[in-house]
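J.: Below: one structure in C-alpha cells.
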Amino acid sequence: METIHILNGPNLNLLGMRETNIYGHKTINDLEDMCRRRASENGFQVVFKQTNSESKLVDLIQEAIGKSSAIIINAAAYTHTSIAILDALKSFAGYVVEVHISDISKREEFRKFSFVSLRADLVIQGLGLDGYIEAIDKVVEKKVNK
Ligand code: DHK
C-alpha cells in the first residue's frame with residue numbers, strides 16, 4: 001500500500017483552541033481522523049505527524065524519502081522562514097502538496113512569502129481543514145492518472 005506523509009508544523013497541535021476565527025473549532029485529532037479515513041478509502045496509508053520543532057520537521061521530511069509517494073505539508077510559521085525545510089523537501093522526489101488552513105495571501109505581509117512554495121507541486125490554501133482532504137484527493141488523482 002502506498003503511503004502519504006502528512007506533516008504539520010508549530011502550533012497546529014492547538015487547533016480547536018487557537019484563533020478559532022481563523023483556524024476553526026476542530027482539533028488536530030479530528031484532522032488526523034479525517035485524513036486517515038479519506039486516505040484509506042482510496043487505498044493509501046498515512047503517516048500523520050505534528051511537531052513544534054523545525055529540526056524535527058526536517059527529520060520527518062527525510063523519513064518520507066524512499067517511503068512515501070507524497071508529502072502533504074503545512075509547515076505553519078516555518079513556511080515563511082525555513083530554508084532548511086525547503087532544502088529537505090528538495091531532497092524528496094515525490095509529489096509535494098503545501099496546505100494552509102487560512103488564505104495566507106490575504107493576511108499579514110509577512111505571511112505572503114512561502115519557502116515551501118518554491119518546491120511544492122501544488123498549493124492549497126484558505127479551505128480550512130478541507131484543504132487536507134483536497135490535497136489527499138489530488139495525490140490519489142495523480143496516482144490514478146500515472
Ligand atoms: C498556519 C500557521 O500556523 C501560520 O503560521 C501560517 C498556517 C498559516 C495556516 O493557515 O494553516 O502563516
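J.: Given the residues SER40, SER55, which is the only one that is in a helix (DSSP H, G or I), farther than 22 Å from LEU14 by Cα and small (Gly, Ala, Ser)?
T.: Checking each option against the conditions leaves just SER40.
J.: If the Cβ limit is 9 Å and pairs must be 6+ apart or interchain, which residue in the stretch 99-125 that is more than 18 Å from LEU7 (Cα to Cα) and among the small types (Gly, Ala, Ser) pairs with which residue that is outside any helix (DSSP H, G or I) and within 12 Å of the ligand (Cβ to nearest atom)?
T.: These pairs meet every condition: SER105/LYS112; SER105/GLN125; SER105/GLY126.
J.: Now for a separate question. Has the stretch 60-69 got at least one residue that is open to solvent by 20 Å² or more (accessible area, probe 1.4 Å), part of a helix (DSSP H, G or I), free of Cβ contacts under 8 Å to residues at least 40 places away in the same chain and polar (S, T, N, Q)?
T.: yes
J.: Go through the stretch 9-47 and give me each residue that's open to solvent by less than 60 Å² (accessible area, probe 1.4 Å), closer than 23 Å to THR81 by Cβ and touching a Lys or Arg at 6+ places or on another chain (Cβ under 7 Å).
T.: Result: LEU15, single match.
J.: What residue, of LYS112, LYS143, LYS106, is open to solvent by 60 Å² or more (accessible area, probe 1.4 Å), touching a helix residue (DSSP H, G or I) at 6+ places or on another chain (Cβ under 8 Å) and not acidic (Asp, Glu)?
T.: Being open to solvent by 60 Å² or more (accessible area, probe 1.4 Å), touching a helix residue (DSSP H, G or I) at 6+ places or on another chain (Cβ under 8 Å) and not acidic (Asp, Glu) holds for just one of LYS112, LYS143, LYS106, which is LYS112.
J.: Looking only at the stretch 115-140, which residues are open to solvent by 60 Å² or more (accessible area, probe 1.4 Å) and among the β-branched types (Val, Ile, Thr)?
T.: Within the stretch 115-140, VAL123 is the sole residue that qualifies.
The values are calculated or read from the model by the stated rules, or taken from the named source; none is laboratory data. Bear in mind the structure is a predicted one, so any value in this text is a computation, not a measurement. Methodologically, a virtual Cβ is constructed for each residue, glycine included, from the backbone with ideal geometry; neighbour enumeration extends over all protein chains shown. All accessible areas refer to the heavy atoms of the entire protein, side chains included, with ligands and DNA or RNA removed. Shrake-Rupley method; radii C 1.70, N 1.55, O 1.52, S 1.80 Å.
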